[in-house]
Every structure is written in C-alpha cells, then in structure tokens.
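Undergrad: Take a look at the following structure, please.
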Amino acid sequence: MGTSGSFGGSGGKDAADLRDNIAAWLDATSEPGSADAGNADGADQPADPTRPGTPGQAPRVDLGPALRVLLNSRNRGGSSDGPSGGGGGARGGGGGRSSGGATRSVGRVSRAAGRAGRLALAYSSGNREALREAGLDYDELQALGDPVAIGLKIIETAFESQADSTLADAEERDIVSLVVEWILEQPSDHPPTPEDVVRKSIETTIAEAALTEVSSMAYAKDASFEKRRSLERQIRDVAAEYAAQATLNPRGATEQQMAQAIENGIRDIGQIFGVRS
C-alpha cells in the first residue's frame, strides 16, 4: 500500500491531519458491528460512500487533508513548474506547510501523465505518427508482446529522464504507470477518451499521494491485511468521486492540453474543498 512502506509521512499539520483521519477510520471500522469488521474474510463489499452515517456501514474516509498535502507541497527547487511554465508551483502563504517528506509537484506529474496518456492512447489506436514524434516505433512496441514492457517504454519516454531514487519521483512514476496500465487494459473497440484519461490521472494522483502518506501509519497500527486492503479501496473510491467533481474544459487531446487539464482539475477539486494553492 502506497509508494514506500518505510516512508514515515511528511511533516506539517496537513499530513498529520490526514494520518489522524485515517487512524480514526481504522479505529471506527474495527469496532464490533461495523461494516468492515463484518468482512474479516476480505470479501470486496465496499460500503456505500453516499450514506456514511448509515448504521452498519463503515464511515467515509476524509481526503480533504490529502488535497492540502498535495497542493501545498513545495516544488523541487522552490519554483513553479506547471505545464504552461508558471501554473504548477505552490503559491501563497500556505506553500510548503506539509513538505517535510515528499516534495510533490502537481505540475510535474501532470506533464508526465499528460504525455504518457497521450502516448498510450496513440499506441492503443495505432497512431504511428504520434508515437514517431515522441521517438517511439509502433512495430517495435508491438514486438515486445508484453503490456508491462510496452508501458515501461511509454513511461520512460514520458519522463524524459532516469529515475532519481527520491520518494517524490517514485510516487510520480507509480501514478503514471497506473494510468498507462489502465489505458492499455481497456478493450480496443472501446478505448478511453482523453477526458477519461484526465479524470483517471486526477483520481490516481490524489489516491497515491494519500496512500503514500498513510502507509507507514497503517502498518504501525497493526492493521490486518484485510483492513489495509479495505482502506486502500476506500481511498481509491473517494479519490474517484473527487475526480468526478472536477470541472474540465477539454480543448483537445495533445499532451500539453491533457497535462493542463489534469493540473487544472486537481486545483479545481482543491478549491471545491477549500484548498487554495
């Protein structure tokens, strides 16, 4: 669960609030009679997130602090680096409050997800020209014969650099790899739209940021495998709901347009929940 089980979590109030929320959720779902306590066999029976107060159902995970952690983290080098060159950095007085661990960059992950999403869509649709422009060859990718190997080539191209062994870089690559994997798994006769890819990227970015921050704490509380799996499912379900609330104005399917839509979508969700970045 999360990018690194050894990562203790970022410092700052936002990250502490997130871990407190998750700890409270774990405690609540361990109480006799709770929905999760009744699923000790690990069966996938998600609680209805639209009725968090219903007796017998697990409480809803609150990811509001995860948005603050994500949007208020300092960028590497302390400068803006969004897809348009100036919109990706943390701004305002709240910047950096939660940067005691991973120094995330919404702009960087949006750029990589936008480019990888575009390339994965190009491969799925057989768009040789789009792949060639990025230095990839459709026939060579097909010859790999393995979706994992194909995905890795796309991810390497999307980042344009070698992994730097930092937690933030690993988290960003995990996010992009999950999005690429999801695209390549879709039926060839029903490929995802660029908007689908943008929302999946937003959902995955929020979920992975939250999971990275709370992973160590979940282990420290001796949560069972079933409880950790349930927690991860809850976080991903709530992140998907958040992503669905983003107001998107797709202007096209270029990598720059998709990247900007991902970043704008994450910031839009932050504003819905009162997070100013």
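Undergrad: To the nearest 0.05, how large is the calculated FRET efficiency for GLU140 and ARG229 if R₀ is 51 Å and r is the Cβ-Cβ distance?
TA: Once rounded, the FRET efficiency stands at 0.85.
Undergrad: A further question on this structure: May I ask you to order 152-160, 129-137, 262-270, 198-206 by the average number of other C-beta atoms within 10 Å around their residues, highest value first?
TA: 198-206, 262-270, 152-160, 129-137
Undergrad: Once you put a point 7 Å from the Cα of ALA23 and another 7 Å from the Cα of GLN162, both along the Cβ direction, what distance in nm separates them?
TA: Output for this residue pair reads 4.0 nm.
Undergrad: Further question: How much length, in nm to one decimal, is gained on full extension between ALA244 and HIS190, taken as 0.36 nm per residue of separation minus their Cα-Cα distance?
TA: Stretched out fully, the ALA244 to HIS190 stretch lengthens by 17.4 nm.
Undergrad: From the phi of every residue in the range 12-18, what ³J(HN,Hα) in whole Hz does the Karplus formula 6.51 cos²θ - 1.76 cosθ + 1.60 yield, where θ is phi - 60° and glycine or proline is x?
TA: After applying 6.51 cos²θ - 1.76 cosθ + 1.60, I find x, 5, 4, 5, 5, 4, 4 Hz.
Undergrad: Tell me which lysines have Cα within less than 23 Å of LYS221's Cα, excluding those fewer than 8 residues away on the same chain?
TA: Cα-Cα hits under 23 Å: LYS13.
Just so you know, all these numbers are worked out from the coordinates, no wet-lab data involved. Small disclaimer: the values here were computed from a predicted structure and weren't measured. As a convention, Cβ positions derive from the backbone with ideal geometry for all residues, glycine included, and neighbour counts pool all protein chains shown.
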